[in-house]
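Take a look at the structure set out below.
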Amino acid sequence: YRRARIYYESNRFEEAALLFRDIAFNHKDSELSEYAANLYLDCLNIMGTQLAEPNPACIQQLSASIDPMHTAFCASEMAAAEHPDLCGTLGDLQCQVRRQEAETYEKTQQYKKAASTYVRIFRRHSECGEMDEVLYNAAINFEAARLLGRSIQVRKVLIERFPESEWSKRAVYLIGANYHALAFYEQAAKYYEDFARKYPGEDGKNCSAEDEEVGLCPNAVDGLKNATFFRLGLMDDEKAMEDAELFARSYRKRMPRATSQVVFSIGSIYERQKRWPEVISHYKKFLTDYKRVAVPSDVILANTAIGRAYWEMNKQGEAKKYFTAAVKTWRAGAAKRISTLKDASPEERVGYLRKGLNAAAESQFYLSEYLFANFQKVAFPAYKGARSKAGVNKWAKTYFAKWVNKKLAALRAAETDYAKVSQISATVEGKKLQSAPWQSAAASRTGELYRSFVDEFRDAPGPREIEKDPDLYDIYVGALDEQSEPLQRQAIDKFEFCLKTATNVRWFNEWS
């Protein structure tokens, strides 16, 4: 016993444990046996939980020693009375050992074994304290072991068996997060919605930094926002609207910007269904309620959506106001305001920039379409003149030349306006962002300006006065070809630019 104590005091616990065990089991009648038994258990505990590199096998050995030691020292009432401290310790130790075994597995990143040990405690040792916490820990370790299905099963048992527990409250949210990670969006939405309805005040502010870092922080705000977006993706429009209404009721005053984003998203339902009057009314109300607090990109997107809806309804006159507002918002410093948002991650800010930039470019494209329409209105002049070379030349130098100049002026005006699409840009970490889809559309439309100009030359009906005179007709056609050839080359250049832009960004649509 003295030799064992020297080892123990010198932190050589393995040698000490062997000697203490020998005394405890082989010399039970000695007055030192009970002391040795306690110190043996202490050595195993230290080696299993307190060293820099804990050894789970020591906890297993500790667990395996409890029943034999109980039999040796506490088998009868008389024996238990002789060793009251040891027998009391052994009575509680089994629970502690199981917990320590699970915690040791967790510390050594043996998460599956840790989770299985917690489950064993729940099934076999119901006397071992708070079983709701035991199940919660089991689920965490199954999740850490990437066994999300097992984690979900355990959390469902926790909710069923301990519905009023604080751990059950967390479990509702975390099941949603598990389904989210598994891309089971309908199930994820259901649990997020349940959590948000029952615990709307859980906004994550009371979470520890550690829980937040490992994703164990219940947050009704994030959950309900995710649920709304999942319902939209699943085309479950009715529930998406219910979620958005609940979000607005619960958080509009406390979290106006987050509420604006959720409310804004509902507009996609009406856009998808091409319910243009509802698109207009939804986004107009959004701008009335949230324009001052919304992310600038959503303001631009809302104006663009209203303009597009009017355009689809052939109300181009009413659409122009909203396209203009979208472009004006972008040019008024939207990119700078987005890049300095404090409540958004860098990735979110880049996402907002891209969406706002694309929407502003789309609105600018539609504004240029008004000039394209003006260009189309300049009609080819009918031939007016005598059936003679002098008559053709006079017509070419007067009516035709006047038409060419007027048409070219309309073309240049539209071309200049389409070029404004590429001027809508932002810079992120030294990289210039532009709207490739609408750049392609603008380039294609510019090519069409030139091409339609050429088509008007070539498709123009021959004058009856000269169509039967080959010489006069050749002069007439020659004049047209001379004017059209440069325009055709420019049309080809614009179409090639459109195709190259689409190819570079791998974005193909009706324009490319």
Determine Rg/Rh for segment 200-330; Rg is computed over alpha-carbon atoms and Rh is the Kirkwood hydrodynamic estimate from the same atoms. 1.05
Return the sequence-ordered ³J(HN,Hα) values of segment 7-17 in whole Hz as given by the Karplus equation 6.51 cos²θ - 1.76 cosθ + 1.60 applied to θ = phi - 60°, using x for Gly and Pro. 4, 4, 5, 8, 6, 9, 6, 5, 5, 4, 4
Please list, short to long, the whole-number percent of alpha-carbon pairs of segment 253-307 in consecutive 5 angstrom bins beginning at zero. 4, 23, 35, 22, 11, 4, 1
Per principal axis, descending, Cα span of segment 157-258 in whole Å: 32, 29, 25
Given 4 °C, 1.567 mPa s and a Kirkwood radius over Cα pairs, the Stokes-Einstein diffusion coefficient of segment 81-214 in µm²/s is 81
How would segment 1-63 be classified by its alpha-carbon gyration tensor: rounded, prolate or oblate, with rounded meaning a/c under 1.5 and the a/b versus b/c comparison settling the rest? oblate
At most 16 other Cβ within 10 Å, DSSP loop - GluC sites (Glu not before Pro), segment 27-86: GLU31
How would you classify segment 105-169 from its alpha-carbon gyration tensor, with a ≥ b ≥ c the square roots of the eigenvalues: rounded for a/c under 1.5, else prolate if a/b is greater than b/c, otherwise oblate? oblate
So what's segment 168-222 giving for Rg/Rh, alpha carbon basis, Kirkwood Rh from the mean inverse pair distance? 0.95
Which values, in whole Å and largest first, are the semi-axes of the equivalent ellipsoid of segment 213-276 obtained as the square root of 5 times each eigenvalue of the Cα gyration tensor? 22, 14, 9
No other cysteine beta carbon under 4.7 Å away is the test; run it over the chain and list who passes. CYS43, CYS58, CYS498
Packing-based ranking, highest mean first, of 354-363, 59-68 given that Cβ atoms within 10 Å are counted: 354-363, 59-68
Cβ-derived FRET efficiency at R0 51 Å, GLU164 paired with GLU15, nearest 0.05: 0.55
For the chain, give the magnitude of the charge dipole about the Cα centre (Cβ charges: +1 Lys/Arg, -1 Asp/Glu; no others), in debye to the nearest 20. 3600
Under 29 Å Cα-Cα from LYS402, which lysines qualify once same-chain neighbours fewer than 8 residues away are excluded? LYS377, LYS384, LYS389, LYS394, LYS420, LYS468, LYS494
Which one of LEU487, THR446, ALA335 has its Cα pushed farthest toward the positive end of the charge dipole of the chain, where Lys and Arg give +1 and Asp and Glu give -1 at the Cβ? LEU487
If you line up the Cα atoms of segment 74-134 on their principal axes, what length do they span on each, largest first, in Å? 43, 22, 15
Prolate/oblate/rounded call for segment 4-140, Cα gyration tensor, a/c under 1.5 rounded: oblate
Among the listed pairs LYS315/LYS407; LYS190/LYS336; LYS291/LYS315; LYS113/LYS169; LYS321/LYS406, which have their C-alpha atoms separated by more than 31 angstrom in this model? LYS190/LYS336
Would you please calculate the Kirkwood hydrodynamic radius of segment 336-415 over all C-alpha pairs and express it in Å, rounded to one decimal? 16.6
For the chain, state what percent of all Cα-Cα pairs lands in each successive 20 Å bin, counting from 0 Å until the bin that includes the largest distance. 17, 30, 23, 16, 9, 4, 1, 0
Report, to the nearest 10°, how far helix 84-107 tilts away from the longest principal axis of the Cα atoms in the chain, using its own Cα long axis and a range of 0 to 90°. 20
For segment 257-355, what are Rg and Dmax over the alpha carbons, in angstrom? 13.4, 41
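We did not get these values from a lab; they are worked out from the coordinates using the rules stated. Everything quoted here is computed from the prediction, not taken from an experiment. Heads up, the Cβs are rebuilt from the backbone with ideal geometry, glycines too, and the neighbour counts pull from every protein chain shown.
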